[in-house]
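Asker: Dumping the structure here so I can ask a few things about it.
Bear in mind these aren't lab numbers, they're just calculated from the coordinates by the rules spelled out. All values derive from a computational prediction rather than experimental measurement. Cβ atoms come from the backbone with ideal geometry, glycine included; neighbour counts cover every protein chain shown.
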Amino acid sequence: MTVSPPVTTAFSDSDETDVVDLYLRHIGSGRAVMGRVMGGMAEVRSEGPWIHTDDGRRFLDFGGYGVFILGHRHPAVVAAVHRQIDTHPLASRVFLEPVAARAAEALAAHTPPGLDYVHFVNSGAEATEAALKLARAHGRNAVVTTRRGFHGKTLGALSVTANATYQTPFQPLIPDVTQVTFGDAAHLEKALTTRRDRACVVLEPVQGEAGVRIPEPGYLRQVSDLCRAYGALLVVDEIQTGLGRLGTWWGVDAEDVRPDIMLVGKGLSGGVVPVAAMTATEAAYAPFSRDPYLHTSTFGASPIACAAALATVETMEREETVARAAVLGSRILAGVRGTCAPYLGGLVREVRGRGLLIGIEFAEEQAVGELLLELIARDVLVNHSLNSTRVLRLTPPAVVEDSTLDLFFTTLAEALLTVAARLAG
């Protein structure tokens, strides 16, 4: 069955051949081939949890890599961006820009206590770059990151994204980066003992691209305590886990951890305009605060992006999105576990998750690709995990209705049955 009936769109001037050919000639053969394998459709419209393609189909989007906590094109965010476009979409960078100031105030009202300073950028990777430079400004030139962590693919961010597949072609990367095992506080302490007062620790509260790896309770508190004991700067990457994705405003909330620097992105866009941010304490932010030209970007903190960020935070407050994510996440996790239960110990190894970040780990890589394609054939989008090839990842929005959720469980069950039979045969 399909999750939804075909929907006719007004976007019929672009067909599969044209789009694939343009990708081949101007974007890249690899991406073109991937698009063809996925069915060759081009996405042309979206709203809420749905994406429409140029062939008239409608897909339930449980992917999006964590961006669409409010779904696609939330009306309040769209309206705010429209107003900004109609008045002042880009700034001169000479005068003060009020929308950025209001967006920073709104975001800081929800960050852990003390993280009052906000540096807006255009992407999560840029937020990581800003944090690494800020750490350097404090003399923290030894970086400790976690194995299978993911923090972006620009050169600095790639240096702390512990995946040889992406790192090797671009080595040498930034020097003095040490990888430790995620969830192992003793391993972290060993790395810090020889890097006193010059270390910067970068990690996620839950490793998303590593296949939704959730540490044991108390780990984040141990990391924070170790950073304080050894004089290390603590950078927590909440680009995917923050803004309600885990059922709390931030992943660190569960253990009342207050990092020196916290990275925000993905959901901050409201599903409308790309925007991310580095937030920091007054002490950590001091070098950037003193010299506003130490780290700048022409389009960073643009009025339209900040209008989206401001509207996103206000909408989450008004609609109680975080509480909704916690309740909805519990139901989805229970439903996915129940649907996968017949395959545990065989096709499926484990289902794990927190809030609206859920991973299904399979016994073999092939099952991930097979299920991904089977779900697409049934009008559902999910994601694979870049740093864990056996994990299928779900990042549903917090705006899914109960009836749609029931359809998802039915579709997942049918897709699993088909894939299990195919692999067994």
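Asker: So for the range 83-183, what are the equivalent ellipsoid semi-axes in whole Å, largest first, each being the square root of 5 times an eigenvalue of the Cα gyration tensor?
Answerer: 32, 17, 13
Asker: Computed over the Cα atoms of the chain, what is the ratio Rg over Rh, Rh following Kirkwood?
Answerer: Rg/Rh for the chain comes to 0.96.
Asker: Here's something else I'd like to know. Using the Cα atoms as the points, what is the convex hull volume per residue of the range 75-319 in Å³?
Answerer: So the per-residue Cα hull volume is 121 Å³.
Asker: Please list, by residue number, every one of the GluC sites (Glu not before Pro) in the range 338-424 that is coil in DSSP and has at most 16 other beta-carbon atoms within 10 Å.
Answerer: Glu364, Glu401
Asker: Calculate how steeply helix 303-319 sits against the longest principal axis of the alpha-carbon atoms of the chain, using the helix alpha-carbon long axis, and give the answer as 0 to 90 degrees to the nearest 10.
Answerer: Rounded to the nearest ten degrees, it is 70.
Asker: At 7 Å along Cα-to-Cβ for each site, give me the label-to-label distance between Ala186 and Arg422 in nm.
Answerer: Result: 4.4 nm between the two label points.
Asker: Can you tell me what share of the DSSP beta bridges in the chain is antiparallel? A percent to the nearest 5 is fine.
Answerer: Bridges in the chain that DSSP calls antiparallel: roughly 65 percent.
Asker: Also, I was wondering about something else. Determine the gain in length on full extension of the stretch Glu319-Ser289; use 0.36 nm per residue of separation and subtract their C-alpha separation, reporting nm with one decimal.
Answerer: Using 0.36 nm per residue and subtracting the Cα-Cα distance, I get 7.4 nm.
Asker: Quick query: amide H of Thr146 versus all other amide H atoms, modeled in the peptide plane; which residues come in under 5 Å with a sequence gap of 5 or more or a different chain?
Answerer: Amide H neighbours of Thr146, under 5 Å, 5+ apart: Val180.
Asker: Using a 7 Å offset from the Cα along the Cα-to-Cβ direction at both Glu282 and Asp402, what is the distance between the two label points in nm, to one decimal?
Answerer: Result for the modelled spin labels: 4.9 nm.
Asker: Between helix 321-340 and the chain, what is the angle of the helix's C-alpha long axis to the longest principal axis, kept within 0 to 90° and rounded to the nearest 10?
Answerer: Around 50 degrees separate the two axes.
Asker: Follow-up. To the nearest 10 degrees, how steep is helix 98-108 against the longest Cα principal axis of the chain, on a 0 to 90 scale?
Answerer: It works out to around 90 degrees.
Asker: Give me the distance between the Cα centres of the range 262-297 and the range 68-135, rounded to whole Å.
Answerer: 8
Asker: Using alpha carbon coordinates only, what is the Rg to Rh ratio of the range 321-424, with Rh defined as the Kirkwood radius?
Answerer: Value, to two decimals: 0.94.
Asker: What does the charge count near Ala199 come to, summing +1 for each Lys or Arg and -1 for each Asp or Glu among other residues with Cβ under 10 Å from its Cβ?
Answerer: +2
Asker: Let me ask another. With springs only between Cα atoms under 10 Å apart, run a GNM on the chain and tell me which of Asp54, Asp253, Asp21 wobbles the most.
Answerer: Asp21
Asker: In nm, to one decimal, how far is the Thr87 label point from the Ala229 one, both placed 7 Å along Cα→Cβ?
Answerer: 5.1
Asker: Hand me the chymotrypsin sites (Phe, Trp or Tyr not before Pro) from the range 224-328 located in a DSSP loop with no more than 12 other Cβ atoms within 10 Å, in residue order please.
Answerer: Within the range 224-328, the qualifying chymotrypsin sites (Phe, Trp or Tyr not before Pro) (loop, at most 12 other Cβ atoms within 10 Å) are Tyr293.
Asker: How far, in nm, would the chain grow between Arg36 and Thr154 when pulled straight, counting 0.36 nm per residue and subtracting the alpha carbon separation?
Answerer: Going from the current span to full extension adds 39.8 nm.
Asker: Oh, and also: Using a Gaussian network model of the chain with C-alpha springs under 10 Å, which one of Tyr23, Tyr343, Tyr65 is most mobile by mean-square fluctuation?
Answerer: Tyr23
Asker: Viscosity 1.567 mPa s, temperature 4 °C: Stokes-Einstein D of the range 179-302 from its Kirkwood Cα radius, in µm² per second?
Answerer: Answer, rounded: 83 µm²/s.
Asker: Which shape class applies to the range 284-370: rounded if a/c is under 1.5, otherwise prolate when a/b exceeds b/c and oblate if not, where a ≥ b ≥ c are the square roots of the Cα gyration tensor eigenvalues?
Answerer: prolate
Asker: Here's a follow-up. When all C-alpha to C-alpha distances in the range 212-281 are sorted into bins of 10 Å, what percent of pairs does each bin hold, rounded to whole numbers?
Answerer: 20, 49, 25, 5, 0
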